[in-house]
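One structure is given here, and the rest of the page talks about it.
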Amino acid sequence: MAKLSIRDIEVSGKSVLMRVDFNVPLNDAGEITDDTRIVAALPSIKHLLDGGAKLTLCSHMGRPAGKPEAKYSLRPVGQRLAELLGTPVAFADDTIGDHAKTLRSTLAPGHACLLENTRFDSREKANDSEFAKALAGNAEIFVNDAFGTAHRAHASTEGVTHHISQSAMGFLIVAELEFLQGKLETPAKPFLAIMGGKKVSDKIQVIKAMMDKADEFIIGGAMAYTFLKAQGYKTGMSLVEDEFIPLAKEILESAKQKGIKFHLPADTRITQDFSNDAETRVTAQYSEGGEIPDDWEGIDIGDVAIKDFCKVVEGAGTILWNGPMGVFEMDNFAAGTIALAEAVAKADALTIVGGGDSVTAANKFCNSSDFDFLSTGGGASLELLEGKQLPGVAA
Ligand code: AMP
């Protein structure tokens, strides 16, 4: 079913509730250290204010224990938002209490207020219908622009839609669906999926689901060791999720049958010490008898793997990249991720970076403008790629 976007709705003089993702990092002094998410929400906010909406914004921030905690207050976010917009943004000291009600009922068209952290009430995550009804309040329209939480059925992402007659997506969710769904329906070929990071349990089902669409896979990061062990190689102290070895075997077999090229690292950079100045070595190639010794741990792809993978990237028509090739947070374990990020950035392909750590790496090692799309959702983008319905989008 086609979904409404904020381009399709008339908001002049109407009360609008918009769920945004203002889950920004703060330092110990309570200052915002990265306002990317606030900046990203500006197009939808400006569109609604320019259209004459009476706009109430809500979001969660951090992980408060279902009750107010001063360090997770959205007040500094409201201040930064007002600076960025160049207009005052009223801040409600509560989420559904008297202050919020008063501010919402007295908003003039073209003005905005921000509610206090939705997770200051345990009923938010429980998707409690009384809480959702109070959060919906006087809103005539609900807009969701928080892709990063759209895979959770919480009161502010799903519950409120039962109490507001019209719902629509903001520009950020429109873009996420356009790139992670629309453009991947008929991708320019070959379609290459690069999967890395460490949580096999999170990503192996995504790999399985994407085998219907992708022509080639690159597997890097700690993910690779579960696949290498499934092929019978020794992986030493490296991270392996043993319970997924049967599924890894099934995927490797099915790739062979379907003619999907499944690229695993030919060699691995290893260490005995998980620290920034640790000694590292590269194994011999697995095809030539290489292995990870018992008391060594894989922390990056090896030199041959880097060359192989970059060549595969060069030939791709569409690239989806999710997950680093190694422990890129430490300089001496980052070479594989840097090389891959640079290769993807340079590639003559549609390039989509699938959220979480790969976006951090893309921004750290390249310019974000070198990629066609950087997803704002880690878990949400994986669930979308897996073919799951996101409650916050379905609603
Ligand atoms: P994920 O959350 O699954 O995307 O994993 C991202 C994390 O995987 C990053 O913090 C990386 O440091 C980590 N990672 C990548 N490769 C390895 C590896 N070979 N061993 C341990 N951790 C890794």
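For region 343-359, the criterion of being in contact with a Pro (Cβ under 7 Å, 6 or more places away or on another chain) and within 16 Å of the ligand (Cβ to nearest atom) is met by at least one residue. The condition (being surrounded by 23 or more Cβ atoms within 10 Å (Cβ to Cβ), out of contact with any Pro (no Cβ under 9 Å at 6 or more places or on another chain) and among the polar types (S, T, N, Q)) is satisfied by just one residue among Asn367, Asn332, Asn322: Asn322. Tell me whether region 60-77 contains one or more residues that are part of a loop (DSSP other than H, G, I, E, B), under 17 Å from Gly170 (Cβ atoms) and touching a Lys or Arg at 6+ places or on another chain (Cβ under 7 Å). Taking every residue of region 60-77 in turn, at least one turns out to be part of a loop (DSSP other than H, G, I, E, B), under 17 Å from Gly170 (Cβ atoms) and touching a Lys or Arg at 6+ places or on another chain (Cβ under 7 Å). Annotation note: Cβ proximity below 6 Å between a residue of region 147-164 that is modelled with pLDDT of 95 or more and a residue that is assigned to a helix (DSSP H, G or I) and basic (Lys, Arg) (sequence gap 6+ or interchain) occurs for His163/Lys133. Kindly indicate which of Ala193, Ala188, Ala168 is in contact with a strand residue (DSSP E or B) (Cβ under 6 Å, 6 or more places away or on another chain), within 16 Å of the ligand (Cβ to nearest atom) and among the hydrophobic types (A, V, I, L, M, F, W, C). From the options Ala193, Ala188, Ala168, the qualifying one is Ala193. One residue alone among Glu329, Glu291, Glu297, Glu383 is more than 15 Å from the ligand (Cβ to nearest atom) and of a type outside the set (A, V, I, L, M, F, W, C), and that residue is Glu291.
If you go through region 208-228, how many residues are within 16 Å of the ligand (Cβ to nearest atom) and touching an Asp or Glu at 6+ places or on another chain (Cβ under 6 Å)? Going through region 208-228 one residue at a time, the tally reaches 1. Restricting attention to region 181-198 and to residues that are outside any helix (DSSP H, G or I) and in contact with a helix residue (DSSP H, G or I) (Cβ under 8 Å, 6 or more places away or on another chain), the residue that is surrounded by the most Cβ atoms within 10 Å (Cβ to Cβ) turns out to be Ile194.
Checked against (1) of a type outside the set (Asp, Glu); (2) in a loop (DSSP other than H, G, I, E, B); (3) out of contact with any strand residue (DSSP E or B) (no Cβ under 8 Å at 6 or more places or on another chain); (4) surrounded by fewer than 16 Cβ atoms within 10 Å (Cβ to Cβ), His151 passes all but a single condition, namely (4).
Would you point out the residue of region 229-240, among those that are within 11 Å of the ligand (Cβ to nearest atom) and touching a helix residue (DSSP H, G or I) at 6+ places or on another chain (Cβ under 8 Å), that is farthest from Val200 (Cα to Cα)? Filtering region 229-240 for residues that are within 11 Å of the ligand (Cβ to nearest atom) and touching a helix residue (DSSP H, G or I) at 6+ places or on another chain (Cβ under 8 Å), the one farthest from Val200 (Cα to Cα) comes out as Thr235. Scanning region 27-73 for residues that are within 17 Å of Asp145 (Cβ to Cβ), of a type in the set (Ser, Thr, Tyr) and surrounded by fewer than 17 Cβ atoms within 10 Å (Cβ to Cβ) turns up just one, Thr36.
The values are calculated or read from the model by the stated rules, or taken from the named source; none is laboratory data. Keep in mind the model is a prediction, meaning the values are calculated, not measured. Here Cβ is always computed from backbone atoms with ideal geometry, including for glycine, and neighbour counts include all displayed protein chains.
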